[in-house]
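Everything below concerns the one structure shown next.
The values are calculated or read from the model by the stated rules, or taken from the named source; none is laboratory data. Keep in mind that what you see is a predicted model, and the values were worked out from it rather than measured. Quick reminder, even Gly has a Cβ in these numbers, built from the backbone with ideal geometry, and neighbours come from all protein chains shown.
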Amino acid sequence: MASTDNLNQLEPSFMYTQIFKDILLDMEYDAQTIKQFTAYCRRLDNGSPKNIDEFEKKYDAQSAIWWYTSPSFIYSMLNYALRTMEGDTIINMGFFIHDLHQQILQLHQQQVDTYHGKSFIVYRGQGLSKPNFEKLQKTKGGLMSFNNFLSTSTEQYIPLGLARSASENTDMVGILFVMSVDPSVKSAPFASIKEISYFKDEEEILFSMHTVFRVGTVEKMDNNNQLYQVELQLTSDDDPQLRVLTDRIRKEADGDTGWKRLGNLLLKIGQFNKAEELYNVLLEQTSDEDEKQHYYNQLGGVHWNQGDYEKAIWYFEQKLKICLKTLSSNHPRLATPYNNIGIAYDKMGDYSKALSFHKKALEIFEKTLPSNHPVLATSYNNIGSVNTKMGEYSKALSFYEKSLIILQIILPSNHPDLATSYNNIAGVYTKMGEYAKALSFYEKALEIAEKTLPSNHPDLAASYNNIAGVCDHMGEYSKALSFHKKAFEIFEKILPPDHSSLTTLYNNIGLVYSNVGEYSKALSSLEKALEIQKRTLPSNHPHLVVSYDNIGTVYRKMKEDSKALSFYEKALEIAEKTLPSNHPSLATLYNNIGLVYSNMEEYSKAFLVYEKTLEIQKRTLSSNHPDLAATYNNIGMAYYNTGEYSKALSFLKEALEIFEKTLPSKHPSLATLYINLSSVYRNMGEHSKAISFFEKALEILHKTPPSNRSLLATL
């Protein structure tokens, strides 16, 4: 059962199960398929050995309804898989879904005239969790779908008994659905199955998948807070936005065979292990070179999504070898492996190789494709990604915007690829310190993700993670932690324990804990990230720079300067070898090392590295970037500690000018700066100014949530 708060919208799961069903109905099955299914059941211990053996021996297409209604394992196994989008089981039961739907359709065609166009009532009793019931109450007047096969009865007493039984569970609400069915309404097929059901004494009407109802009254029964009657009206209405998106996703999962379409859909919904298994079987079965290059490409995509970039490159190179044998040097199909290899090198941190392959792809695309072709959008996006990582933010923004312009022309407004584009642009704005713009784009991306993706999709987790990052920059630490935890709940369920996305998340959570002064929690999270990276990355990978830098920062805040310096130096050694000389990450490192030298009262060394920081930042950042302000603040405080108050004041004022333009008025960093200015003015004997700035700091402190105050206590 699926419904949403927006009355004429349906859940994304409606779309994905519908596409699954369409593909499975088109595929051909044989006796071997049944044996594969029963072997799968035995492996998972689904059903008793006796029932599984009996199914294997006796099942045929005309007995699907009998098996579905029998008290065996089939009913619960199928409906659980459809409810949870469990791809492995849905695929293994594809033949059964096909047969059950076809048998219902056949009966529907035989019976439809017997209704004489008259509406009738059927009943269904079931339990709903309290959160799902609250959601249903909000849907009154709106649409509700059943994504599975739907058992109902023309008699009330059995469904009512089921509803009453469910209501006895304190965590559930018993629901009696009273469904009005107009046989003239175009909907999923339904049929009376009394003659062929296992239970021949029941007046059962069975609906195929994807019935849509309009929700009517929701009324309490017997004055029982856990028992309700809900009226539903069968409808042909649907969610127009979701229909457009469904058509688009269906096209994207297209292929010339059902198996290819299924593989494409599995990749689209994040079922990577099952996609790999399917493509390996298809690769073994074909001798056709064109099919082989397709499967190599798809397997490369599987390994890319699993974070195994070396394997991904190997598969993409196999595709490229086949293409180079058969295609001209500027053929559009050559650009695909170039692009894919570039993406994998990007993920491995080899940005120069990545850019080289992406440029080869773009050169071909710009010569051979129309200016608004979706593949061009992908190519612009890929180059934007590499430029971002190389610290070339204005170039990155330019390429990302070119990509977005194309996508806005060719895609529905709620397409997941638009969310990706918004995320990318937001990421650059974050790097540029324009946090309000970043948040605006991230929120656009999240709005799409929540409407169009399954609730455990990795892209949804990425959206939560991105918003958390901006909240962290804006000083909203409790919000940041909340969004990071939402992301972690998804990633932990769906990703291998060594996946790079988990590394990023551990790093991000560690940074938030560091910002609120919970240093032991911060170190625990950051060390988990580093452990994964050491197991999965080369020892000089640029991503290690981030982890070493983050751990160094926590030790610096803990006043353990020698440990901090050790981690910063490890980061610097890798960064100086692998990053361009003006990369912002180098500036961050020099800045952090300067802070340690200041803590150790080695001010001459501190000034030297601060100069390096400023040199890079002035070349690569806008003149009002918060990172530049942070550097001015640090230099100012170094001069303060050496007693050069006028120089200190000059740098702190430059920092203040930037912070007041770019940060929220209650940001903790402003409180830090006000306290620093107060200290300088106090030592210069300008007490009224000192008091004024101290009062401004206190005003922020008093309005800072308790979870953020530990940070301010360390300033």
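Looking at the range 616-630, which of its residues are among the polar types (S, T, N, Q) and either at pLDDT 95 or above or touching a Lys or Arg at 6+ places or on another chain (Cβ under 8 Å) (or both)?
The one that is among the polar types (S, T, N, Q) and either at pLDDT 95 or above or touching a Lys or Arg at 6+ places or on another chain (Cβ under 8 Å) (or both): Asn624.
For the range 338-371, how many residues meet the condition of being of a type in the set (A, V, I, L, M) and outside any helix (DSSP H, G or I)? Can you show your working first?
Here is the first cut: in the range 338-371, the ones of a type in the set (A, V, I, L, M) are 341, 343-344, 348, 354-355, 361-362, 364, 369.
Within this subset, residues satisfying the condition of being outside any helix (DSSP H, G or I) are 369.
Matching residues across the range 338-371 total 1.
Please determine whether any residue of the range 30-44 is among the β-branched types (Val, Ile, Thr), modelled with pLDDT under 85 and in a helix (DSSP H, G or I).
Let us first name the residues in the range 30-44 that are among the β-branched types (Val, Ile, Thr), namely 33-34, 38.
If we keep only those that are modelled with pLDDT under 85 as well, we get none.
For the range 30-44, residues among the β-branched types (Val, Ile, Thr), modelled with pLDDT under 85 and in a helix (DSSP H, G or I): absent.
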Tell me whether the range 426-439 contains one or more residues that are closer than 24 Å to His583 by Cα, in contact with a Gly (Cβ under 9 Å, 6 or more places away or on another chain) and of a type in the set (Ser, Thr, Tyr). yes
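Sort through Ile409, Ile383, Ile425 and tell me the only one that's out of contact with any helix residue (DSSP H, G or I) (no Cβ under 6 Å at 6 or more places or on another chain) and in a helix (DSSP H, G or I). Explain how you work it out, then say what you get.
On the way: Ile383 fails: out of contact with any helix residue (DSSP H, G or I) (no Cβ under 6 Å at 6 or more places or on another chain); Ile425 fails: out of contact with any helix residue (DSSP H, G or I) (no Cβ under 6 Å at 6 or more places or on another chain).
Ile409 is the lone residue from the list that is out of contact with any helix residue (DSSP H, G or I) (no Cβ under 6 Å at 6 or more places or on another chain) and in a helix (DSSP H, G or I).
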When residues of the range 356-387 are filtered for being surrounded by fewer than 21 Cβ atoms within 10 Å (Cβ to Cβ), over 17 Å from Arg333 (Cα atoms) and under 22 Å from the mean Cα position of the chain (by Cα), how many remain? 0
Answer residue from the range 283-317, given it is over 23 Å from the mean Cα position of the chain (by Cα) and buried (at least 20 other Cβ atoms within 10 Å of the Cβ) and is farthest from Gln36 (Cα to Cα) among those: Ile313
Complete set of residues in the range 63-75 that are farther than 14 Å from Ile52 by Cβ and either hydroxyl-bearing (Ser, Thr, Tyr) or assigned by TED's automatic domain parsing to the domain that holds Ser192 (or both): Ser63, Tyr68, Thr69, Tyr75
Matching residues, the range 515-531, being charged (D, E, K, R) and without any contact (Cβ under 8 Å) to a residue 12 or more places away in the chain: Lys521, Glu531
Answer yes if at least one residue in the range 72-86 is among the acidic types (Asp, Glu) and assigned to a helix (DSSP H, G or I), and no otherwise. no
Restricting attention to the range 18-43, which residues are exposed (fewer than 12 other Cβ atoms within 10 Å of the Cβ) and more than 19 Å from Trp67 (Cα to Cα)? Glu28, Arg43
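Return yes or no: is Arg250 within 25 Å of Pro374 (Cβ to Cβ), modelled with pLDDT under 75 and assigned to a helix (DSSP H, G or I)? Please lay out each step first, then the result.
Details: within 25 Å of Pro374 (Cβ to Cβ): yes; modelled with pLDDT under 75: yes; assigned to a helix (DSSP H, G or I): yes.
Answer is yes for this residue.
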Restricting to the range 64-88, count the residues that are free of Cβ contacts under 8 Å to residues at least 24 places away in the same chain and surrounded by fewer than 20 Cβ atoms within 10 Å (Cβ to Cβ). 5
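Can you work out which of the residues in the range 556-599 that are of a type in the set (S, T, N, Q) and touching a Ser or Thr at 6+ places or on another chain (Cβ under 9 Å) is farthest from Tyr519 (Cα to Cα)?
So the first thing to find is which residues in the range 556-599 are of a type in the set (S, T, N, Q), and the list is 562, 566, 578, 581-582, 585, 588, 591-592, 598-599.
So of that shortlist, the ones also touching a Ser or Thr at 6+ places or on another chain (Cβ under 9 Å) come out as 582, 588, 591-592.
Values: Asn582: 31, Thr588: 20, Asn591: 20, Asn592: 17 Å.
Here the residue is Asn582.
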Given the conditions (1) out of contact with any Ser or Thr (no Cβ under 9 Å at 6 or more places or on another chain); (2) not in a loop (DSSP other than H, G, I, E, B), every one holds for Pro664 apart from (2)
All but one of (1) modelled with pLDDT under 90; (2) in a helix (DSSP H, G or I) hold for Ser328, so report the exception by its number. (2)
If we scan the range 599-615, do we find a residue that is among the acidic types (Asp, Glu), more than 27 Å from Ser650 (Cβ to Cβ), assigned to a helix (DSSP H, G or I) and at pLDDT below 95? no
